[in-house]
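Undergrad: Input: one structure, supplied below.
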Amino acid sequence: MAVKLKADGIIDFVKESEIELMEPQVKLAMQLLKEAEQKDDNMVGWHTLSINFNSNDVDEILESAERIRRQADVFVVIGVGGSYLGARAAIELLKSQFYNYEHTPQIYFVGNNMSPSYLNHVLNMCKDKELCINVISKSGGTLEPALAFRAFKSLLETKYGKAEAKKRIFVTTGAQKNSLLNLAEIEGYKTFKIPVNIGGRFSVLTPVGLLPMAVADIDIQQVILGAKEAFEDLRSDNIAENDSMLYAVYRNCLYKKSRRIELFTSFEPDFEFFLKWCQQLFAESEGKFGNGIFPVPVIYSTDLHSIGQFVQESGQALFETFIDIENAEDEYIVEKELVDYDSLNFLADKKMSFINKMAFLGTVSAHTKGGVPCIILNMPKKNEREYGYLIYFLEKACAISGYMLGVNPFDQPGVEEYKTRMFRLLKGKQEE
Ligand code: PA5
């Protein structure tokens, strides 16, 4: 298995017998997942995505990515939630947080907020550059991307004229009739369709995530291969053979002990958006009818200097899931100073990755001692294949865990409430 669950930091908190007691519940969750697949209106298309991909699907994405790379200095990805987090996570994790300083086309993400200042900054940065855009919205009607799309469509049409603009607009939207799909068909924009049975936060391995990844020169075939390996590895419904099941069981055991907050943690800043992707995946899937574990993305050691005190001494409601990479792909060797002014010469010639690893191990040991259970998801390397594996591992764990909590992990009815109120206000109506 590419991703392994290490349980040393949790054995003091969850007994073997408690795991055994959870067995019927987790088996039922696995059963529900299987049954969901048989239903016509199922939302588990993500589950078999990697084995259903064919070379035509990949070629179509690669062709568009190539066109974008040829035409554009700047590629703007317009989307919110599941329609942008996975792609941004992949680009930062597999390339770097500094991708835009080091590569072309630069990639900007808009349509994930409604700040005029944010929008204006990106519009200004784009106006004198060669530009392509990809608007991503499964429903085709989400306000944030819809407004940003208007702005960028208008910029493109003013800059290039309507005919050329059309060649620079790429649409990724749901296969079911919607206003964006309608416009794309009328205008003849290059369009990728998101299967009906895959929800936003489970859609990163569709063109939603794969097209921006391919534009960033990420090997999407390897990503899909990694997901496929995970699909094969995580089929068993025996907890001892399936770490995504075991992870779901641990989370539910801890939840029963009133651990209602999970810190998703990494010692690699490039994981920031990946952890945000985890946050959306688990929060929107599990947080229903008063249930659910509240996920918080955390980058250490940075955040040890802000929340470390709280976690160490007041973490009774918390547990942590660390994503640990076995082998760092980059290295820096600490230099020796002639005068040891900071008394750090004992670290001279040491690898920075070693120091970071010791910070990780020291943190796990301190937090465990402080009463915070620590789960470790260990991956050998940071590459395309591991990324695809980790995505599927977490999607499956989330689906199982959601069923164990007694909720439908694939809907998000609560998100509508703020939208209804916002639109009422926008239309000048009174609050009810
Ligand atoms: O997981 C989900 O379904 C949501 O987070 C959506 O991804 C998000 O709301 C964006 O929706 P859409 O792609 O329809 O614009």
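The values are calculated or read from the model by the stated rules, or taken from the named source; none is laboratory data. Given the structure is predicted, the values throughout are model-derived calculations rather than measurements. Glycine also receives a Cβ, built like all others from the backbone with ideal geometry; neighbour counts cover every protein chain displayed.
Undergrad: Modelled with pLDDT of 95 or more, within 16 Å of the ligand (Cβ to nearest atom) and surrounded by 22 or more Cβ atoms within 10 Å (Cβ to Cβ) - does that describe any residue in region 111-121?
TA: yes
Undergrad: What are the residues in region 36-60 that are among the acidic types (Asp, Glu), exposed (fewer than 12 other Cβ atoms within 10 Å of the Cβ) and at pLDDT below 95, if any?
TA: Scanning region 36-60 gives Asp40, Asp41.
Undergrad: Being basic (Lys, Arg) and assigned to a helix (DSSP H, G or I) is the filter; apply it to region 404-432 and report the residue that is nearest to the ligand (Cβ to nearest atom).
TA: Selected residue: Lys419.
Undergrad: Also, quick follow-up: How about region 122-146: which of its residues are free of Cβ contacts under 8 Å to residues at least 60 places away in the same chain, within 12 Å of the ligand (Cβ to nearest atom) and not in a loop (DSSP other than H, G, I, E, B)?
TA: If the condition is that a residue be free of Cβ contacts under 8 Å to residues at least 60 places away in the same chain, within 12 Å of the ligand (Cβ to nearest atom) and not in a loop (DSSP other than H, G, I, E, B), then Val135, Ser137, Ala146 are the ones that fit.
Undergrad: Identify, from the list Ser353, Ser401, the residue that is in a helix (DSSP H, G or I) and closer than 23 Å to Cys253 by Cβ.
TA: Answer to the selection: Ser401.
Undergrad: What number of residues within region 264-285 satisfy the criterion of being over 9 Å from the mean Cα position of the chain (by Cα) and either closer than 24 Å to Lys357 by Cα or within 11 Å of the ligand (Cβ to nearest atom) (or both)?
TA: 12
Undergrad: Out of Ile224, Ile186, Ile198, report the one residue that is away from the ligand (no atom under 16 Å from the Cβ) and either assigned to a loop (DSSP other than H, G, I, E, B) or without any contact (Cβ under 8 Å) to a residue 40 or more places away in the chain (or both).
TA: Ile186
Undergrad: Can you tell me which residue in region 201-221 is farthest from Gly45 (Cα to Cα), limited to those that are assigned to a helix (DSSP H, G or I) and away from the ligand (no atom under 16 Å from the Cβ)?
TA: Val215
Undergrad: Please go through region 318-348 and pick out each residue that is in a strand (DSSP E or B), aliphatic (A, V, I, L, M) and surrounded by 17 or more Cβ atoms within 10 Å (Cβ to Cβ).
TA: Correct list: Leu318, Ile323, Ile325.
Undergrad: How about region 44-76: which of its residues are outside any helix (DSSP H, G or I) and more than 16 Å from the ligand (Cβ to nearest atom)?
TA: Within region 44-76, Phe53, Asn54, Ala72, Asp73, Val74, Phe75 qualify.
Undergrad: Which condition breaks for Gly79 when tested against (1) more than 16 Å from the ligand (Cβ to nearest atom); (2) farther than 28 Å from Lys381 by Cβ?
TA: Evaluating Gly79 over (1) more than 16 Å from the ligand (Cβ to nearest atom); (2) farther than 28 Å from Lys381 by Cβ leaves (1) as the failure.
Undergrad: List the number of the failed condition for Phe170; all other conditions in (1) within 16 Å of the ligand (Cβ to nearest atom); (2) touching a Lys or Arg at 6+ places or on another chain (Cβ under 7 Å); (3) within 22 Å of Ser115 (Cβ to Cβ) hold.
TA: Every condition holds for Phe170 apart from (3).
Undergrad: Kindly list, by first and then second residue, each pair from a residue in region 281-300 that is in contact (Cβ under 8 Å) with a residue 12 or more places away in the chain and closer than 20 Å to Ile391 by Cβ to a residue that is surrounded by fewer than 23 Cβ atoms within 10 Å (Cβ to Cβ) and among the polar types (S, T, N, Q), limited to pairs with Cβ atoms under 6 Å and residues at least 6 apart or on different chains.
TA: These pairs meet every condition: Glu284/Gln412; Pro295/Gln279; Pro297/Gln279.
Undergrad: Which of the residues spanning region 156-182 are farther than 19 Å from Val196 by Cα and aliphatic (A, V, I, L, M)?
TA: Leu156, Ala163, Ala165, Ile169
Undergrad: Oh, and also: Run Lys288 past the list (1) at pLDDT 95 or above; (2) more than 16 Å from the ligand (Cβ to nearest atom); (3) part of a loop (DSSP other than H, G, I, E, B) and report the number of the one that doesn't hold.
TA: Failed condition: (2).
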